[in-house]
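Here's the structure we're looking at; comments come further down.
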Amino acid sequence: MTDAVLGDLEPSAVRVRFPPSPTGLLTVGNIRSALFNWAFARHFGGKLVLRIEDTDTARNTAEGYRYTYDALRWLGLTWDEGPEVGGDFGPYLQSERMDIYADVVAKLMAAGRAYHCYCSQEELDQRREAARTAGQHSGYDGHCRNLSPEQVQAYVDEGRRPVVRLRMPDHPIVFDDLVRGEITFLPENLGDYVLVRANGYPLYPLVNPVDDALMEITHVLRGEDLLPSTPRQIALYEALADIGVGSGRTPRFGHLPFVMGEGNKRLSKRDKGSGLTEYVDRGFLPEGLLNYLALLGWSIAEDRDVFTMAEMVEAFDIRKVNSNAARFDPKKCEAINAAHMRLLPQEEFAQRMIPFLAATGVLPEQPSEEQLAVLRAAVPLVQERMNTLSESDEMLGFLFVDEDAFRVDPDAAAKVLTGDAHAVLDAAAKALADLGDTEWTTEAIEAALRASLIDGLGLKPKNAFGPVRVAISGRRISPPLFESLELLGREKSLHRLERARRTT
Ligand code: GLU
Ligand code: ZN
């Protein structure tokens with residue numbers, strides 16, 4: 001297996017790349033590509049190159065670059081060469097490689113592997129239309145492949161500015177895709193394509209393969225949407241090898257399956273759930289999100305969904321990636337995240353909650369020892385109940401919020417603090433007030449409330465404890481009640497019961 005993937009390559013010689021554009025947006029599709037490249041590189045002990053495809057400078061913003069680096073770091077997808085890291089094959093921003101592309105194009109032209117095309121858009125359109133009517137293939141017809149010096153001069157005299165086209169081979173292009181097996185492209189479907197615009201602007205079909213060649217990339221793992229560009233990329237690779245640019249070896253390609261969203265349509269960057277920021281804000285764990293994204297095309301074992309990144313690296317095999325489109329399932333994504341929430345050591349869980357409790361203002365960014373002690377004691381009460389970290393505040397905010405800022409959710413009050421609730425709160429407050437500071441334990445609190453509300457008032461547990469829960473936590477759903485009362489402390493608990501009693 002491994003041999004088929006590596007050929008005669010040493011495992012540590014593996015070089016893969018992740019080449020995003022710095023648009024300030026990473027989608028789950030992008031991240032899955034980054035993840036599979038990262039796992040592939042780590043599995044073999046090779047290198048992951050981060051290259052920023054920013055030739056389209058109009059679309060790039062300073063924040064876009066920052067966002068890309070921060071997002072990959074947040075995910076833990078570290079790169080071995082690239083921006084902020086360096087490496088022997090830089091620069092790693094394409095915008096800083098313009099001279100390199102100009103030089104390569106000059107060499108391709110000199111060797112006859114690329115040529116100037118002077119056709120105007122109208123001429124191209126007309127001939128394409130005519131070809132279509134005649135039932136012929138409608139790609140570029142090769143009109144300018146072999147212009148005489150006089151014809152060229154005539155075009156130049158007319159003031160025409162040429163594009164540069166690659167001279168495509170006239171034989172089929174066949175390659176063994178690591179995911180999809182053998183794929184053949186026929187020459188009639190592969191017209192000579194444009195590498196450089198008339199204004200000198202180098203295009204993706206030029207710069208992406210040129211950089212892959214110069215950066216000695218050995219494997220290209222990317223989304224299936226890029227499959228149509230692969231035969232052109234291979235043709236350019238072969239031309240570059242012939243003129244001595246780059247490593248001279250064509251990389252192996254593996255095209256990762258489409259990711260489908262709602263209604264079985266390809267997930268687009270406009271769809272909800274497609275952008276990384278949403279997951280960061282919702283308090284996903286990077287390892288939970290990555291685990292789910294790994295399942296979009298790959299699995300570690302038939303009956304197993306949850307695994308660590310270390311386990312993925314160990315087991316990852318690009319040959320086992322499924323070529324069928326994968327369905328993005330937001331519910332499953334959250335469930336996988338929840339499983340990773342449960343796997344965290346308690347102290348780690350507490351630490352990861354802090355930024356989310358700080359974001360709503362109930363905890364400072366550096367909590368006091370006292371606050372940390374409460375947080376640590378609360379973790380076992382909530383760790384099994386939370387799916388994402390953004391639930392931290394609704395789960396535990398009531399333990400830390402300032403008494404002045406504490407509010408009962410109006411909806412909870414309307415539903416629970418009505419009818420008999422006043423009498424219930426009255427009895428609860430009396431029973432709890434009898435407990436001294438040193439008796440304020442979960443067991444004693446439970447015994448006192450049961451004696452007073454269940455045995456004394458003859459209430460059902462739901463009717464007895466519901467009002468108490470809303471009064472002290474402000475919500476209908478909270479961590480277990482008696483433990484919550486213990487953690488909240490005697491003074492605050494009695495104060496909140498009293499407040500609720502007055503308004504009920
Ligand atoms: N910059 C391209 C993209 O983000 C790179 C595609 C590739 O992997 O070749 O779509
Ligand atoms: Zn032409």
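If you take the residues in region 187-235 that are β-branched (Val, Ile, Thr) and within 16 Å of ligand 2 (Cβ to nearest atom), which one is surrounded by the most Cβ atoms within 10 Å (Cβ to Cβ)? Checking each candidate, the answer is Val196. Filtered by the rule that a residue be farther than 16 Å from Asp225 by Cα and of a type in the set (Lys, Arg), region 317-333 gives Arg319, Lys320, Lys331, Lys332.
Taken together, the residues in region 200-220 that are farther than 11 Å from Tyr101 by Cβ and among the charged types (D, E, K, R) amount to 2. Scanning region 453-479 for residues that are surrounded by 16 or more Cβ atoms within 10 Å (Cβ to Cβ) and farther than 16 Å from Asp420 by Cβ returns Ile472, Ser473, Gly474, Arg475, Ser478, Pro479. Screening Leu50 against (1) more than 22 Å from Tyr279 (Cβ to Cβ); (2) crowded, with 22+ Cβ neighbours inside 10 Å; (3) in contact with a Pro (Cβ under 7 Å, 6 or more places away or on another chain) leaves a single unmet condition, (1). Scanning region 131-152 for residues that are within 15 Å of ligand 2 (Cβ to nearest atom) and either out of contact with any Gly (no Cβ under 9 Å at 6 or more places or on another chain) or small (Gly, Ala, Ser) (or both) yields a count of 12.
Yes or no: region 461-471 includes at least one residue that is polar (S, T, N, Q), modelled with pLDDT of 95 or more and part of a helix (DSSP H, G or I). Among the residues of region 461-471, not one is polar (S, T, N, Q), modelled with pLDDT of 95 or more and part of a helix (DSSP H, G or I), which makes the answer no.
Screening the candidates Arg97, Arg128, Arg113, Arg59 for the property of being surrounded by 14 or more Cβ atoms within 10 Å (Cβ to Cβ) and either among the aromatic types (Phe, Trp, Tyr) or within 14 Å of ligand 1 (Cβ to nearest atom) (or both) yields one hit, Arg97.
Has region 200-209 got at least one residue that is under 31 Å from the mean Cα position of the chain (by Cα), among the aliphatic types (A, V, I, L, M) and under 26 Å from Phe316 (Cα atoms)? So far as region 200-209 goes, no, none of its residues is under 31 Å from the mean Cα position of the chain (by Cα), among the aliphatic types (A, V, I, L, M) and under 26 Å from Phe316 (Cα atoms). Going by the conditions given, is Arg42 out of contact with any strand residue (DSSP E or B) (no Cβ under 7 Å at 6 or more places or on another chain) and in contact (Cβ under 8 Å) with a residue 40 or more places away in the chain? Here the answer is yes, as Arg42 does meet what is asked. The helices (runs of 4 or more DSSP H) falling completely within region 237-316 that include 2 or more residues that are within 15 Å of Cys333 (Cα to Cα) and among the aliphatic types (A, V, I, L, M) map to 276-281, 286-294.
Residue-wise test of (1) at pLDDT below 95; (2) among the small types (Gly, Ala, Ser).
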{"site": "Leu240", "(1), (2)": "no, no"}
{"site": "Asn264", "(1), (2)": "yes, no"}
{"site": "Gly273", "(1), (2)": "yes, yes"}
{"site": "Asp281", "(1), (2)": "yes, no"}
{"site": "Leu285", "(1), (2)": "no, no"}
{"site": "Leu290", "(1), (2)": "no, no"}
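In region 138-152, the residues that are more than 13 Å from Cys119 (Cα to Cα) and assigned to a loop (DSSP other than H, G, I, E, B) reach residues that are of a type in the set (A, V, I, L, M, F, W, C) and more than 16 Å from ligand 1 (Cβ to nearest atom) with C-beta atoms within less than 6 angstrom, at least six apart or across chains, in these pairs: Ser138/Ala131. Scanning region 109-118 for residues that are within 14 Å of Gly191 (Cα to Cα) and within 12 Å of ligand 2 (Cβ to nearest atom) gives Tyr115, Cys117. When residues in region 209-223 are screened for being within 11 Å of ligand 1 (Cβ to nearest atom) and without any contact (Cβ under 8 Å) to a residue 40 or more places away in the chain, 1 of them pass.
The values are calculated or read from the model by the stated rules, or taken from the named source; none is laboratory data. Since the structure is predicted, the reported quantities are computational estimates derived from the model, not experimental observations. Note that each Cβ is placed from the backbone with ideal geometry, even for glycine, and that neighbours are counted across all protein chains shown.
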